[in-house]
Ligand code: PGA
């Protein structure tokens, strides 16, 4: 299938930024600017901003993502938030497996398998992040790392479930560093991800949206998005400023 037929996505990952009142201000700035965007626009907000974000984006072309969910639906897990809780709030997407969760919060493939299942059961579309560390790339091991991240977490899904998943390739060395993967490096990995998915899911791999993330900004977005297997971006730092985020969305 040709790229033009895949669903293009520009998703913001606000991380632990923006209080509810700051979120209100940012979304106010975004809404008029993104209304003609040629892609699906998503904002990945902290839990405390979800209510404001869902209310403000109702009836607009902006969708709301959470940045994590728990691997159980409910129970004695102090401080956690579950997929059914997100669903009832009106969240449509959930970022899973972000490298910051893997690095700082012990996220493993096992917990991700459980999170993925619960997210899908509750009608949330997962944005599943994969990506290698600098040392892994330098050792020439990046393809193996990414293959394992895909196989361990996605290969147990049915085709119907897989069709709801968005993938984000985020090389850890590019996240928040200002160093972006070159479009050749990114395209090479995106094509590899699609090939790996095709080995399990066949033709469906051609329909899967694969985003690039890692220091994506207005100045490099166009070149990245022009690559045949890059279907949009997961945007951290640059999603915190309405003008930059819009400029990236308009680069698709
Ligand atoms: P960045 O973050 O755009 O600030 O590099 C991307 C991400 O972590 O999703």
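What's the total number of residues in the stretch 8-38 that are surrounded by 12 or more Cβ atoms within 10 Å (Cβ to Cβ), modelled with pLDDT under 95 and not in a helix (DSSP H, G or I)?
The number of residues fulfilling the criteria is 1.
Looking at 215, 239, can you tell me which residue is crowded, with 18+ Cβ neighbours inside 10 Å, within 15 Å of the ligand (Cβ to nearest atom) and farther than 28 Å from residue 71 by Cα?
Of the residues listed, the single one that is crowded, with 18+ Cβ neighbours inside 10 Å, within 15 Å of the ligand (Cβ to nearest atom) and farther than 28 Å from residue 71 by Cα is 215.
Among the numbered criteria (1) farther than 28 Å from residue 122 by Cβ; (2) touching a residue at least 60 places away in the same chain (Cβ under 8 Å); (3) more than 16 Å from the ligand (Cβ to nearest atom), which single criterion is violated by residue 208?
The one condition residue 208 does not meet is (1).
Residues to consider are 242, 249; find the one that is in contact with a strand residue (DSSP E or B) (Cβ under 9 Å, 6 or more places away or on another chain) and farther than 22 Å from residue 151 by Cβ.
Matching residue, one of 242, 249: 249.
Would you point out the residue of the stretch 174-192, among those that are within 16 Å of the ligand (Cβ to nearest atom), touching a residue at least 40 places away in the same chain (Cβ under 8 Å) and in a helix (DSSP H, G or I), that is surrounded by the fewest Cβ atoms within 10 Å (Cβ to Cβ)?
Across the stretch 174-192, the extreme among qualifying residues is 183.
Going through the stretch 242-252 one residue at a time, which ones are surrounded by 21 or more Cβ atoms within 10 Å (Cβ to Cβ) and either within 12 Å of the ligand (Cβ to nearest atom) or assigned to a strand (DSSP E or B) (or both)?
245, 248
Please work out if residue 213 is under 18 Å from the mean Cα position of the chain (by Cα), under 24 Å from residue 108 (Cβ atoms) and at pLDDT below 95. Full working, then the answer.
Details: under 18 Å from the mean Cα position of the chain (by Cα): yes; under 24 Å from residue 108 (Cβ atoms): yes; at pLDDT below 95: no.
So residue 213 fails the test.
Please state which of the following conditions residue 201 fails to meet, knowing it meets all the rest: (1) over 16 Å from the mean Cα position of the chain (by Cα); (2) touching a residue at least 40 places away in the same chain (Cβ under 8 Å); (3) within 15 Å of the ligand (Cβ to nearest atom).
Status for residue 201: all satisfied but (3).
Report yes if residue 123 is surrounded by fewer than 20 Cβ atoms within 10 Å (Cβ to Cβ), in contact with a strand residue (DSSP E or B) (Cβ under 9 Å, 6 or more places away or on another chain), farther than 30 Å from residue 145 by Cβ and modelled with pLDDT of 95 or more, otherwise no. Step through it out loud before you land on a result.
On the way: surrounded by fewer than 20 Cβ atoms within 10 Å (Cβ to Cβ): yes; in contact with a strand residue (DSSP E or B) (Cβ under 9 Å, 6 or more places away or on another chain): no; farther than 30 Å from residue 145 by Cβ: yes; modelled with pLDDT of 95 or more: yes.
Against the criterion (surrounded by fewer than 20 Cβ atoms within 10 Å (Cβ to Cβ), in contact with a strand residue (DSSP E or B) (Cβ under 9 Å, 6 or more places away or on another chain), farther than 30 Å from residue 145 by Cβ and modelled with pLDDT of 95 or more), residue 123 does not qualify.
Tell me which of these residue 240 doesn't satisfy, since it passes every other one: (1) out of contact with any helix residue (DSSP H, G or I) (no Cβ under 6 Å at 6 or more places or on another chain); (2) under 26 Å from residue 113 (Cβ atoms).
Every listed condition holds for residue 240 apart from (2).
Determine whether residue 140 is surrounded by fewer than 17 Cβ atoms within 10 Å (Cβ to Cβ) and at pLDDT below 95.
Here the answer is no, as residue 140 does not meet what is asked.
When you scan the stretch 52-67, how many residues do you find that are at pLDDT 95 or above and at positive phi?
Qualifying residue count, the stretch 52-67: 0.
Go through (1) more than 15 Å from the ligand (Cβ to nearest atom); (2) in a loop (DSSP other than H, G, I, E, B); (3) under 16 Å from residue 14 (Cα atoms) one by one and return the number of the condition residue 229 breaks.
In the conditions (1) more than 15 Å from the ligand (Cβ to nearest atom); (2) in a loop (DSSP other than H, G, I, E, B); (3) under 16 Å from residue 14 (Cα atoms), residue 229 misses (3) alone.
From the list 107, 89, which residue is farther than 18 Å from residue 10 by Cα, without any contact (Cβ under 8 Å) to a residue 40 or more places away in the chain, in contact with a helix residue (DSSP H, G or I) (Cβ under 7 Å, 6 or more places away or on another chain) and surrounded by 18 or more Cβ atoms within 10 Å (Cβ to Cβ)?
Sole residue among the options that is farther than 18 Å from residue 10 by Cα, without any contact (Cβ under 8 Å) to a residue 40 or more places away in the chain, in contact with a helix residue (DSSP H, G or I) (Cβ under 7 Å, 6 or more places away or on another chain) and surrounded by 18 or more Cβ atoms within 10 Å (Cβ to Cβ): 107.
The values are calculated or read from the model by the stated rules, or taken from the named source; none is laboratory data. Model, not experiment: these values are computed from the prediction. Don't worry about glycine lacking a Cβ; one is built from the backbone with ideal geometry, like all the others, and counts go over all protein chains shown.
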